[in-house]
Structure formats: C-alpha cells, structure tokens
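> What follows is a structure written as structure tokens; I'll ask about it next.
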C-alpha cells in the first residue's frame, strides 16, 4: 500500500472555501454594446477596404492605374477593420451564447470596460 501524505492533500473543506467574487446573471449592457459597435465598425471598415481594393472608390488614379496611395488606403481600412472585427465578433458571440443559455458560456466571461 502506498504512503499518502495527508498534510498536502486537498480535502472537501479546502474546496468549500468562499470565493471573493459574486456571480451575477445580469448581462453587462455597456460591454455588449461596445462589442456590437466593434463588430459593426470592423465589418464596415473591411467592406470599405475591399471596395477600395477593387478600385471602385477612394485614392488617386493616374490614367486609370491604381497608385500606391490607393493600395495603402485599402490596406489601412482592411487592417483596421480586422483589428476591430475580431474582438467584436468574439465578445458578441459570447454574449449571444450566454443569452441563449449554452453550456460553458456566461456573461461573466465578458470583461468589464
């Protein structure tokens, strides 16, 4: 039989220690609105960047040829849109799944602003 040192074992009493945070089921409205705004503005920036890439709007054209400035504009808008879209999508998805009651999703997973 193996020796077990009970001085360092975890008992039921150790697990029952009270935690310092409170669990609330109230949705964080300000954080959800911020996440949706990031999602919307990120999507619009990506779309604007893609429209600029297809030479429909923005930038200077010399003899119908796209210039470096046009290229930099659409790269900027697509990059900015990606930076805004990713966290917006992530936290909006968490809020939606928490609202629908999916397992392992709660409003506590959304950090405060």
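> Applying the selection to the stretch 55-104, what residues are at pLDDT 80 or above and part of a loop (DSSP other than H, G, I, E, B)?
101, 102, 103, 104
> Now a separate question. Of all the residues that make up the stretch 23-54, how many are modelled with pLDDT of 95 or more and over 22 Å from residue 85 (Cα atoms)?
Residues that pass the stated criteria total 0.
> Next question, about the same structure. Out of the residues in the stretch 74-103 that are touching a residue at least 60 places away in the same chain (Cβ under 8 Å) and over 26 Å from residue 48 (Cβ atoms), state the one that is farthest from the chain's Cα centre (by Cα).
99
The values are calculated or read from the model by the stated rules, or taken from the named source; none is laboratory data. Predicted model only: the values in this text are computed from it and were never measured. Positions of Cβ are backbone-derived with ideal geometry, glycine not excepted, and every protein chain shown enters the neighbour counts.
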